[in-house]
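Since the structure comes first, as C-alpha coordinates, the remarks are kept for the end.
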Amino acid sequence: MTQMITVEPKLMGNIARAVNPLGCQAMVAADIEYVKAQGEFAGPKKALILGGSSSYGLASRIVAAFGSGADTIGVSWERGPKDPSMLGTAGWYNNIYFRQFAEAAGLVAKNFLGDAFSDEMKQQVITYIKEEFGGQVDLVVYSLASPKRTDSAGTVWSSALKPIGRAVTGRNINLETETLVETTVEAATDEEIEGTIKVMGGEDWELWIEALLAADVLAPGAKTVLYSYIGPAMMDDFYRGGTLGKAKEHAEETAKKLDALLAQKVNGQAVVCVSKAVTTKASAVIPTLPLYCCALYRVMEEKGTHETPIMHKDRFLRTMLYGDAPHYDPEGRLRPDSWELDPETQERVSELVAQITPENITSDLTAYDTFRAEFLALNGFVDGVPATFDYDEIAALRP
Ligand code: NAD
(Lines give C-alpha, C1' and ligand atoms only; values in the text may rest on other atoms or scores of the structure.)
Protein backbone atom coordinates (compact mmCIF):
# COMPACT_ATOMS: atom_id res chain seq x y z
CA MET A 1 0.00 0.00 0.00
CA THR A 2 1.21 3.49 -0.69
CA GLN A 3 0.25 6.66 1.12
CA MET A 4 1.66 9.59 -0.86
CA ILE A 5 2.14 12.84 1.08
CA THR A 6 3.59 16.24 0.24
CA VAL A 7 5.44 18.36 2.78
CA GLU A 8 6.27 22.03 2.83
CA PRO A 9 8.33 24.23 5.17
CA LYS A 10 6.58 25.33 8.34
CA LEU A 11 8.29 27.88 10.58
CA MET A 12 7.48 29.11 14.06
CA GLY A 13 9.71 32.14 14.49
CA ASN A 14 13.19 30.71 13.93
CA ILE A 15 12.22 27.11 14.66
CA ALA A 16 11.39 24.72 11.82
CA ARG A 17 8.33 22.53 12.33
CA ALA A 18 8.30 20.35 9.21
CA VAL A 19 10.77 18.00 7.57
CA ASN A 20 11.37 16.59 4.11
CA PRO A 21 13.16 13.24 4.56
CA LEU A 22 14.13 13.16 0.87
CA GLY A 23 15.90 16.50 1.29
CA CYS A 24 17.72 15.22 4.38
CA GLN A 25 18.90 12.27 2.30
CA ALA A 26 20.04 14.62 -0.47
CA MET A 27 21.92 16.87 1.98
CA VAL A 28 23.74 13.93 3.61
CA ALA A 29 24.64 12.62 0.13
CA ALA A 30 25.92 16.05 -0.95
CA ASP A 31 28.03 16.40 2.21
CA ILE A 32 29.51 12.95 1.63
CA GLU A 33 30.39 13.91 -1.95
CA TYR A 34 32.02 17.12 -0.72
CA VAL A 35 34.28 15.15 1.65
CA LYS A 36 35.12 12.49 -0.92
CA ALA A 37 36.10 15.21 -3.39
CA GLN A 38 38.69 16.51 -0.88
CA GLY A 39 40.39 13.09 -0.89
CA GLU A 40 41.41 10.77 1.93
CA PHE A 41 43.42 11.76 4.98
CA ALA A 42 44.99 9.85 7.86
CA GLY A 43 42.53 10.56 10.67
CA PRO A 44 40.33 8.59 13.06
CA LYS A 45 39.37 4.97 12.45
CA LYS A 46 36.84 4.47 15.24
CA ALA A 47 34.90 7.59 16.15
CA LEU A 48 32.21 8.32 18.74
CA ILE A 49 30.15 11.41 17.91
CA LEU A 50 27.98 12.79 20.70
CA GLY A 51 25.34 14.93 18.98
CA GLY A 52 26.00 13.31 15.61
CA SER A 53 22.63 13.83 13.94
CA SER A 54 22.90 17.39 12.71
CA SER A 55 25.16 20.27 11.74
CA TYR A 56 28.60 20.21 13.37
CA GLY A 57 28.27 16.72 14.86
CA LEU A 58 26.91 15.17 11.66
CA ALA A 59 29.56 16.98 9.61
CA SER A 60 32.30 15.60 11.88
CA ARG A 61 30.86 12.11 11.50
CA ILE A 62 30.75 12.39 7.70
CA VAL A 63 34.34 13.68 7.56
CA ALA A 64 35.59 10.90 9.87
CA ALA A 65 33.80 8.23 7.82
CA PHE A 66 34.24 9.40 4.26
CA GLY A 67 37.53 11.30 4.64
CA SER A 68 39.35 8.90 6.92
CA GLY A 69 37.46 5.60 6.59
CA ALA A 70 36.24 5.58 10.20
CA ASP A 71 33.59 3.34 11.65
CA THR A 72 31.34 5.61 13.68
CA ILE A 73 28.92 5.62 16.58
CA GLY A 74 26.46 8.51 16.70
CA VAL A 75 24.46 9.45 19.79
CA SER A 76 21.56 11.85 19.41
CA TRP A 77 18.12 12.77 20.64
CA GLU A 78 15.71 12.64 17.72
CA ARG A 79 12.12 11.59 17.03
CA GLY A 80 10.82 9.35 14.28
CA PRO A 81 7.49 9.60 12.43
CA LYS A 82 4.19 9.00 14.26
CA ASP A 83 1.71 9.66 11.46
CA PRO A 84 1.69 11.52 8.13
CA SER A 85 1.27 14.86 9.92
CA MET A 86 4.06 14.18 12.46
CA LEU A 87 7.14 13.08 10.58
CA GLY A 88 9.62 13.58 13.43
CA THR A 89 12.90 15.48 13.31
CA ALA A 90 15.46 16.01 10.57
CA GLY A 91 18.18 14.41 12.68
CA TRP A 92 16.20 11.14 12.71
CA TYR A 93 16.46 10.93 8.93
CA ASN A 94 20.06 12.22 8.82
CA ASN A 95 21.06 9.33 11.10
CA ILE A 96 19.31 6.75 8.95
CA TYR A 97 20.58 7.98 5.60
CA PHE A 98 24.10 8.44 6.96
CA ARG A 99 24.05 4.83 8.18
CA GLN A 100 22.78 3.58 4.83
CA PHE A 101 25.49 5.45 2.88
CA ALA A 102 28.22 4.39 5.34
CA GLU A 103 27.17 0.74 5.24
CA ALA A 104 27.08 0.82 1.44
CA ALA A 105 30.71 2.02 1.64
CA GLY A 106 31.60 -0.91 3.91
CA LEU A 107 31.75 1.11 7.14
CA VAL A 108 30.11 0.43 10.49
CA ALA A 109 27.65 3.16 11.49
CA LYS A 110 25.74 2.60 14.71
CA ASN A 111 23.06 5.05 15.85
CA PHE A 112 22.07 5.40 19.50
CA LEU A 113 18.90 7.41 20.08
CA GLY A 114 18.38 8.72 23.59
CA ASP A 115 19.74 10.96 26.30
CA ALA A 116 23.51 11.40 26.00
CA PHE A 117 23.56 13.05 29.43
CA SER A 118 22.37 9.87 31.15
CA ASP A 119 24.51 7.21 32.81
CA GLU A 120 22.48 4.55 30.98
CA MET A 121 23.47 5.89 27.57
CA LYS A 122 27.13 6.02 28.58
CA GLN A 123 26.96 2.38 29.67
CA GLN A 124 25.08 1.25 26.55
CA VAL A 125 27.67 2.86 24.29
CA ILE A 126 30.56 1.40 26.29
CA THR A 127 29.05 -2.09 26.14
CA TYR A 128 28.60 -1.73 22.38
CA ILE A 129 32.22 -0.53 21.92
CA LYS A 130 33.49 -3.51 23.93
CA GLU A 131 31.29 -6.17 22.42
CA GLU A 132 30.70 -5.11 18.83
CA PHE A 133 32.89 -2.14 17.85
CA GLY A 134 36.35 -3.62 18.22
CA GLY A 135 36.92 -2.61 21.85
CA GLN A 136 38.14 0.98 21.57
CA VAL A 137 37.50 4.39 19.97
CA ASP A 138 40.22 6.82 18.91
CA LEU A 139 38.10 10.00 18.56
CA VAL A 140 35.30 11.40 20.71
CA VAL A 141 33.54 14.47 19.34
CA TYR A 142 31.36 16.30 21.87
CA SER A 143 28.82 18.29 19.82
CA LEU A 144 25.70 18.38 21.97
CA ALA A 145 23.49 21.46 21.98
CA SER A 146 20.50 21.17 24.25
CA PRO A 147 18.08 23.32 26.22
CA LYS A 148 18.00 20.85 29.15
CA ARG A 149 20.06 18.26 30.97
CA THR A 150 19.02 15.80 33.64
CA ASP A 151 22.14 14.95 35.65
CA SER A 152 22.97 11.64 37.35
CA ALA A 153 21.23 12.76 40.56
CA GLY A 154 18.01 13.43 38.63
CA THR A 155 18.26 17.23 38.80
CA VAL A 156 16.94 18.91 35.68
CA TRP A 157 19.01 21.90 34.52
CA SER A 158 17.88 24.42 31.87
CA SER A 159 20.14 26.53 29.73
CA ALA A 160 19.34 30.15 28.87
CA LEU A 161 20.39 32.37 25.98
CA LYS A 162 20.72 35.58 27.96
CA PRO A 163 23.05 38.48 28.66
CA ILE A 164 24.61 38.85 32.09
CA GLY A 165 24.36 41.88 34.35
CA ARG A 166 21.87 43.97 32.36
CA ALA A 167 18.96 43.65 29.95
CA VAL A 168 20.04 44.04 26.33
CA THR A 169 18.02 45.18 23.34
CA GLY A 170 19.13 43.75 20.03
CA ARG A 171 17.94 43.45 16.46
CA ASN A 172 17.28 40.10 14.81
CA ILE A 173 15.62 38.44 11.87
CA ASN A 174 12.36 36.57 12.26
CA LEU A 175 12.54 33.86 9.59
CA GLU A 176 8.82 33.12 9.76
CA THR A 177 7.67 36.68 9.06
CA GLU A 178 10.87 37.68 7.22
CA THR A 179 11.04 40.90 9.20
CA LEU A 180 13.59 42.75 11.28
CA VAL A 181 12.59 42.60 14.92
CA GLU A 182 13.89 44.36 17.98
CA THR A 183 13.80 42.40 21.19
CA THR A 184 14.91 43.05 24.72
CA VAL A 185 16.31 40.09 26.61
CA GLU A 186 16.41 40.39 30.39
CA ALA A 187 19.63 39.74 32.28
CA ALA A 188 20.10 36.13 33.36
CA THR A 189 19.53 35.20 36.98
CA ASP A 190 22.26 33.37 38.91
CA GLU A 191 20.23 30.15 38.54
CA GLU A 192 20.07 30.62 34.78
CA ILE A 193 23.82 31.13 34.59
CA GLU A 194 24.39 28.02 36.69
CA GLY A 195 21.90 26.02 34.63
CA THR A 196 23.52 27.00 31.33
CA ILE A 197 26.93 25.95 32.65
CA LYS A 198 25.47 22.61 33.75
CA VAL A 199 23.87 21.97 30.34
CA MET A 200 26.39 23.46 27.90
CA GLY A 201 29.61 23.48 29.98
CA GLY A 202 32.18 20.72 30.30
CA GLU A 203 30.73 18.60 33.13
CA ASP A 204 29.05 15.98 30.97
CA TRP A 205 32.00 15.88 28.56
CA GLU A 206 34.21 15.06 31.54
CA LEU A 207 31.78 12.35 32.70
CA TRP A 208 31.90 10.74 29.25
CA ILE A 209 35.70 10.77 29.12
CA GLU A 210 36.02 9.43 32.66
CA ALA A 211 33.54 6.64 31.90
CA LEU A 212 35.32 5.72 28.65
CA LEU A 213 38.71 5.73 30.41
CA ALA A 214 37.43 3.66 33.34
CA ALA A 215 36.10 1.07 30.89
CA ASP A 216 39.42 1.08 28.99
CA VAL A 217 37.72 1.80 25.67
CA LEU A 218 39.91 4.75 24.63
CA ALA A 219 42.63 3.72 22.19
CA PRO A 220 46.26 4.81 22.64
CA GLY A 221 46.57 8.36 21.28
CA ALA A 222 42.78 8.95 21.46
CA LYS A 223 41.61 12.51 20.90
CA THR A 224 38.51 14.31 22.10
CA VAL A 225 37.19 17.67 20.94
CA LEU A 226 34.37 19.99 22.01
CA TYR A 227 33.09 22.80 19.82
CA SER A 228 33.07 26.32 21.22
CA TYR A 229 32.40 29.81 19.89
CA ILE A 230 33.84 33.25 20.53
CA GLY A 231 32.52 35.56 17.80
CA PRO A 232 32.86 39.30 17.36
CA ALA A 233 32.16 42.19 19.75
CA MET A 234 28.65 42.66 18.35
CA MET A 235 27.71 39.16 19.60
CA ASP A 236 29.31 39.66 23.00
CA ASP A 237 26.18 40.42 25.06
CA PHE A 238 24.40 37.32 23.83
CA TYR A 239 27.33 34.96 23.49
CA ARG A 240 30.76 35.25 25.03
CA GLY A 241 29.71 37.77 27.67
CA GLY A 242 26.38 36.00 28.26
CA THR A 243 25.23 32.73 29.73
CA LEU A 244 26.54 30.60 26.84
CA GLY A 245 29.95 32.23 27.15
CA LYS A 246 30.12 31.17 30.80
CA ALA A 247 29.32 27.61 29.77
CA LYS A 248 31.98 27.65 27.05
CA GLU A 249 34.55 29.06 29.52
CA HIS A 250 33.72 26.11 31.77
CA ALA A 251 34.14 23.70 28.86
CA GLU A 252 37.48 25.28 27.97
CA GLU A 253 38.73 24.83 31.56
CA THR A 254 37.50 21.24 31.42
CA ALA A 255 39.54 20.71 28.23
CA LYS A 256 42.75 21.56 30.11
CA LYS A 257 41.91 19.02 32.82
CA LEU A 258 40.95 16.33 30.33
CA ASP A 259 44.01 17.01 28.19
CA ALA A 260 46.31 16.33 31.15
CA LEU A 261 44.31 13.22 32.08
CA LEU A 262 44.31 11.78 28.56
CA ALA A 263 48.00 12.56 28.06
CA GLN A 264 48.79 10.61 31.20
CA LYS A 265 46.41 7.67 30.69
CA VAL A 266 46.47 6.99 26.94
CA ASN A 267 48.96 9.46 25.49
CA GLY A 268 45.87 11.24 24.15
CA GLN A 269 44.61 14.79 23.72
CA ALA A 270 41.56 16.88 24.67
CA VAL A 271 41.06 20.15 22.87
CA VAL A 272 38.47 22.81 22.22
CA CYS A 273 37.86 23.83 18.64
CA VAL A 274 36.56 27.39 18.40
CA SER A 275 34.25 27.06 15.42
CA LYS A 276 32.74 29.45 12.94
CA ALA A 277 29.17 30.80 13.19
CA VAL A 278 27.06 28.59 10.91
CA THR A 279 23.36 28.12 10.22
CA THR A 280 22.04 25.44 12.57
CA LYS A 281 18.96 24.59 14.60
CA ALA A 282 20.82 25.76 17.72
CA SER A 283 22.34 28.96 16.31
CA ALA A 284 19.08 30.20 14.70
CA VAL A 285 17.58 30.80 18.15
CA ILE A 286 20.53 32.75 19.59
CA PRO A 287 19.46 36.42 19.76
CA THR A 288 21.14 38.56 17.04
CA LEU A 289 23.14 35.66 15.56
CA PRO A 290 21.00 35.16 12.40
CA LEU A 291 21.25 38.89 11.62
CA TYR A 292 25.01 38.82 12.14
CA CYS A 293 25.29 35.66 9.98
CA CYS A 294 23.50 37.34 7.07
CA ALA A 295 26.11 40.10 7.04
CA LEU A 296 29.00 37.72 7.79
CA TYR A 297 28.11 35.31 4.98
CA ARG A 298 27.88 38.15 2.45
CA VAL A 299 31.43 39.28 3.28
CA MET A 300 32.82 35.75 3.52
CA GLU A 301 31.14 34.76 0.24
CA GLU A 302 32.79 37.74 -1.43
CA LYS A 303 36.16 36.81 0.05
CA GLY A 304 35.69 33.13 -0.84
CA THR A 305 35.85 32.09 2.82
CA HIS A 306 32.19 31.24 3.55
CA GLU A 307 31.83 27.72 4.94
CA THR A 308 28.93 25.42 5.72
CA PRO A 309 29.34 22.95 8.63
CA ILE A 310 30.73 20.22 6.34
CA MET A 311 33.33 22.56 4.83
CA HIS A 312 34.35 23.89 8.24
CA LYS A 313 34.66 20.48 9.91
CA ASP A 314 36.43 18.98 6.91
CA ARG A 315 39.07 21.73 7.10
CA PHE A 316 39.28 21.41 10.88
CA LEU A 317 39.73 17.64 11.04
CA ARG A 318 41.85 17.30 7.91
CA THR A 319 44.26 20.21 8.39
CA MET A 320 44.18 20.87 12.13
CA LEU A 321 43.20 18.01 14.44
CA TYR A 322 44.85 15.42 12.17
CA GLY A 323 46.83 17.73 9.90
CA ASP A 324 50.09 19.56 9.91
CA ALA A 325 48.59 23.08 10.04
CA PRO A 326 46.97 23.28 13.47
CA HIS A 327 46.30 26.85 14.51
CA TYR A 328 46.43 26.98 18.32
CA ASP A 329 45.82 30.15 20.32
CA PRO A 330 47.69 30.93 23.57
CA GLU A 331 44.87 29.20 25.51
CA GLY A 332 45.57 25.96 23.66
CA ARG A 333 42.34 26.11 21.62
CA LEU A 334 42.28 25.26 17.91
CA ARG A 335 41.06 28.24 15.88
CA PRO A 336 39.53 27.49 12.48
CA ASP A 337 37.26 30.47 13.28
CA SER A 338 40.16 32.78 12.35
CA TRP A 339 38.57 33.23 8.90
CA GLU A 340 35.42 34.60 10.57
CA LEU A 341 37.34 36.84 12.94
CA ASP A 342 39.71 38.16 10.29
CA PRO A 343 39.86 41.94 11.09
CA GLU A 344 39.08 43.07 7.55
CA THR A 345 36.10 40.69 7.38
CA GLN A 346 34.79 41.96 10.70
CA GLU A 347 35.19 45.60 9.71
CA ARG A 348 33.10 45.03 6.60
CA VAL A 349 30.52 43.01 8.57
CA SER A 350 30.09 45.90 11.04
CA GLU A 351 29.58 48.34 8.17
CA LEU A 352 26.97 46.05 6.61
CA VAL A 353 25.09 45.43 9.85
CA ALA A 354 24.81 49.22 10.35
CA GLN A 355 23.14 49.51 6.94
CA ILE A 356 20.42 46.91 7.63
CA THR A 357 16.90 48.41 7.91
CA PRO A 358 13.39 46.90 8.06
CA GLU A 359 13.03 47.78 4.36
CA ASN A 360 16.19 46.07 3.07
CA ILE A 361 16.34 43.11 5.47
CA THR A 362 15.58 40.50 2.77
CA SER A 363 17.41 42.32 -0.03
CA ASP A 364 20.77 41.23 -1.37
CA LEU A 365 22.57 43.82 0.71
CA THR A 366 23.31 40.84 2.97
CA ALA A 367 23.38 37.07 2.34
CA TYR A 368 19.86 36.69 3.74
CA ASP A 369 19.03 34.32 0.88
CA THR A 370 21.98 32.09 1.76
CA PHE A 371 21.04 32.05 5.44
CA ARG A 372 17.40 31.24 4.68
CA ALA A 373 18.28 28.55 2.14
CA GLU A 374 20.75 26.94 4.57
CA PHE A 375 18.13 27.09 7.33
CA LEU A 376 15.44 25.43 5.21
CA ALA A 377 17.95 22.81 4.01
CA LEU A 378 18.57 21.78 7.64
CA ASN A 379 15.08 20.26 7.53
CA GLY A 380 15.41 18.92 4.02
CA PHE A 381 13.74 21.70 2.07
CA VAL A 382 16.16 21.99 -0.80
CA ASP A 383 15.53 23.42 -4.27
CA GLY A 384 15.18 20.66 -6.84
CA VAL A 385 14.47 17.86 -4.33
CA PRO A 386 10.96 16.35 -4.47
CA ALA A 387 8.79 16.90 -1.40
CA THR A 388 6.24 14.19 -2.24
CA PHE A 389 6.84 10.63 -1.05
CA ASP A 390 5.25 7.47 0.25
CA TYR A 391 4.68 7.86 4.00
CA ASP A 392 4.73 4.09 4.56
CA GLU A 393 8.22 3.83 3.09
CA ILE A 394 9.46 6.64 5.33
CA ALA A 395 7.75 5.15 8.40
CA ALA A 396 9.43 1.80 7.73
CA LEU A 397 12.95 3.28 7.99
CA ARG A 398 14.84 2.07 11.06
CA PRO A 399 17.69 3.91 12.88
P1 NAD B 1 22.55 21.15 16.60
O2 NAD B 1 21.33 21.60 17.32
O3 NAD B 1 22.54 21.15 15.12
O4 NAD B 1 22.97 19.68 17.08
C5 NAD B 1 22.88 19.30 18.41
C6 NAD B 1 23.03 17.80 18.53
O7 NAD B 1 22.89 17.44 19.92
C8 NAD B 1 21.97 17.00 17.77
O9 NAD B 1 22.59 15.85 17.23
C10 NAD B 1 21.00 16.56 18.88
O11 NAD B 1 20.27 15.38 18.60
C12 NAD B 1 21.98 16.35 20.01
N13 NAD B 1 21.38 16.36 21.35
C14 NAD B 1 20.78 17.39 21.98
N15 NAD B 1 20.39 16.98 23.22
C16 NAD B 1 20.74 15.69 23.34
C17 NAD B 1 20.62 14.71 24.37
N18 NAD B 1 20.08 15.00 25.55
N19 NAD B 1 21.10 13.47 24.13
C20 NAD B 1 21.65 13.14 22.94
N21 NAD B 1 21.82 14.03 21.94
C22 NAD B 1 21.37 15.28 22.14
O23 NAD B 1 23.75 22.05 17.18
P24 NAD B 1 25.09 22.65 16.56
O25 NAD B 1 24.84 24.08 16.22
O26 NAD B 1 25.70 21.74 15.57
O27 NAD B 1 25.99 22.71 17.88
C28 NAD B 1 26.89 21.69 18.25
C29 NAD B 1 28.01 22.30 19.10
O30 NAD B 1 28.72 23.25 18.30
C31 NAD B 1 27.49 23.07 20.32
O32 NAD B 1 28.35 22.84 21.41
C33 NAD B 1 27.58 24.51 19.88
O34 NAD B 1 27.73 25.41 20.96
C35 NAD B 1 28.85 24.45 19.03
N36 NAD B 1 29.02 25.59 18.10
C37 NAD B 1 28.02 25.93 17.22
C38 NAD B 1 28.19 27.02 16.39
C39 NAD B 1 27.09 27.44 15.43
O40 NAD B 1 27.21 28.52 14.82
N41 NAD B 1 26.07 26.64 15.26
C42 NAD B 1 29.39 27.75 16.41
C43 NAD B 1 30.40 27.36 17.27
C44 NAD B 1 30.21 26.26 18.12
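Does ASP71 satisfy the criteria of being in contact (Cβ under 8 Å) with a residue 60 or more places away in the chain, open to solvent by 30 Å² or more (accessible area, probe 1.4 Å) and over 18 Å from the mean Cα position of the chain (by Cα)? When the stated conditions are applied, ASP71 does not pass them.
Any residue at all in segment 264-271 that is modelled with pLDDT of 95 or more, within 16 Å of the ligand (Cβ to nearest atom) and not in a helix (DSSP H, G or I)? Lay out the reasoning, then the answer.
Taking segment 264-271 first, the residues modelled with pLDDT of 95 or more are 264-271.
Cutting the leftovers down to within 16 Å of the ligand (Cβ to nearest atom) gives us 270-271.
Narrowing the set further to residues that are not in a helix (DSSP H, G or I) leaves 270-271.
Yes, segment 264-271 has at least one match.
Taking the criterion of being among the small types (Gly, Ala, Ser), within 11 Å of the ligand (Cβ to nearest atom) and more than 30 Å from GLU131 (Cβ to Cβ), the residues of segment 191-241 that qualify are GLY201, SER228, GLY231.
Could you please let me know if ARG372 is part of a helix (DSSP H, G or I) and closer than 22 Å to LEU139 by Cβ? Here the answer is no, as ARG372 does not meet what is asked. Of all the criteria given as (1) under 19 Å from the mean Cα position of the chain (by Cα); (2) free of Cβ contacts under 8 Å to residues at least 40 places away in the same chain, the one not satisfied by TYR56 is (2).
Based on this model, can you work out whether THR288 counts as more than 17 Å from the chain's Cα centre (by Cα) and away from the ligand (no atom under 15 Å from the Cβ)? It is false that THR288 is more than 17 Å from the chain's Cα centre (by Cα) and away from the ligand (no atom under 15 Å from the Cβ). Collect the residues in segment 128-147 that are assigned to a loop (DSSP other than H, G, I, E, B) and more than 16 Å from the ligand (Cβ to nearest atom), keeping them in residue-number order. Once the filter is applied, which keeps residues that are assigned to a loop (DSSP other than H, G, I, E, B) and more than 16 Å from the ligand (Cβ to nearest atom), segment 128-147 yields PHE133, GLY134, GLY135, GLN136. Residues in segment 23-49 that are assigned to a helix (DSSP H, G or I) and open to solvent by 20 Å² or more (accessible area, probe 1.4 Å): GLN25, ALA26, MET27, ALA29, ALA30, ASP31, GLU33, TYR34, LYS36, ALA37, GLN38. Quick check on this structure: which one of ALA284, ALA295 is in a helix (DSSP H, G or I), open to solvent by less than 50 Å² (accessible area, probe 1.4 Å) and at pLDDT below 95? Exactly one of ALA284, ALA295 is in a helix (DSSP H, G or I), open to solvent by less than 50 Å² (accessible area, probe 1.4 Å) and at pLDDT below 95, namely ALA284. Scanning segment 81-117 for residues that are assigned to a helix (DSSP H, G or I), open to solvent by 20 Å² or more (accessible area, probe 1.4 Å) and farther than 10 Å from CYS24 by Cα turns up ARG99, GLN100, PHE101, GLU103, ALA104. Scanning segment 148-171 for residues that are open to solvent by 20 Å² or more (accessible area, probe 1.4 Å) and assigned to a strand (DSSP E or B), we see that the one that is nearest to THR366 (Cα to Cα) is ARG171. Here LEU244 does not fit the description of being more than 10 Å from the ligand (Cβ to nearest atom) and assigned to a helix (DSSP H, G or I). Scanning segment 176-198 for residues being within 25 Å of the chain's Cα centre (by Cα) and assigned to a helix (DSSP H, G or I) gives a total of 7.
The values are calculated or read from the model by the stated rules, or taken from the named source; none is laboratory data. All figures in this text were calculated on a predicted structure; none of them were measured in a lab. All Cβ positions, even for glycine, are placed from backbone atoms using ideal geometry, and neighbour counts span all protein chains on display. Note: areas computed on protein heavy atoms with side chains; ligands, DNA, RNA excluded. Shrake-Rupley method; radii C 1.70, N 1.55, O 1.52, S 1.80 Å.
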